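So the structure is just underneath, and the comments pick up after that.
What follows draws every value from the coordinates through simple rules; no lab data is involved. All values derive from a computational prediction rather than experimental measurement. So basically every Cβ, Gly included, is an ideal-geometry build from the backbone, and we count neighbours across all protein chains shown.
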Amino acid sequence: MTSPVTPTIRPARPEDVPAVVAMVHELAEYERAPDQCHLTTEQLTAALFSPAPALFGHVAVDEHDEPNGFALWFLNFSTWAGVHGVYLEDLYVRPASRGTGAGRLLLATLADICVRRGYRRLEWWMIDWNPAAGFYASIGAEQMSEWVPYRLSGDALRDLARQATAAGTRPGD
């Protein structure tokens, strides 16, 4: 039996987008929400490779330069710390590549970006039943129990937006 090859981590390239989109859909299936995932190749290409991207990505590739894992992330900002941080939107490694260190290397790459740029935080959310909790604890990540996430979407988002329009306070786009 051969040991798994240690993956290489590199920034995502346009040619990686179809594989990353496929893995996002695999992640949605894993998280029991495939009907909620609508990402297309066109959307991800525009988000990652527009003239002023707000989304960034790294891929874990095998010895044939084929993506087998990814991290999609963006900058956030802490008003208390006065500096940016990285918010990891999604991290995924295909089942056949788990145990190769791909997930750890993807996170290490983002940690390195934070340290080199003077960012104070690398943050993410995880579904509560995900077995990766043990892995995250092993690298020193702390569960943030004192902060409760909120989400505004769908009809509630549109209803609130109408209040801004009705009040004439709609900011310029």
- Message: Restricting to DSSP loop positions (anything but H, G, I, E, B) with no more than 16 other Cβ atoms inside 10 Å of their own Cβ, which GluC sites (Glu not before Pro) remain in the range 85-173?
- Response: Glu142, Glu146
- Query: Counting Lys and Arg as +1 and Asp and Glu as -1, what is the net charge of the other residues whose Cβ lies under 15 Å from the Cβ of Glu66?
  - Reply: -3
- Message: Given contacts defined as C-alpha pairs under 8 Å and at least six residues apart, what's the relative contact order of the range 8-148, whole-number percent?
- Response: 19 percent
- Message: Using only alpha-carbon positions, what ratio does the radius of gyration of the range 89-168 give when scaled by 2.2 N^0.38 Å?
- Response: 1.54
- Query: Taking the range 123-173, which trypsin sites (Lys or Arg not before Pro) meet the DSSP loop condition and have no more than 10 other C-beta atoms within 10 Å?
  - Reply: Arg151
- Task: Bin all alpha-carbon pair distances of the range 8-148 at 5 Å intervals from 0 and give each bin's fraction as a whole percent.
- Result: 2, 9, 18, 23, 22, 16, 8, 2, 0
- Task: Give me Ile139, Ile9 ranked fewest to most by other Cβ atoms within 10 Å of their Cβ, as a rough exposure proxy.
- Result: Ile139, Ile9
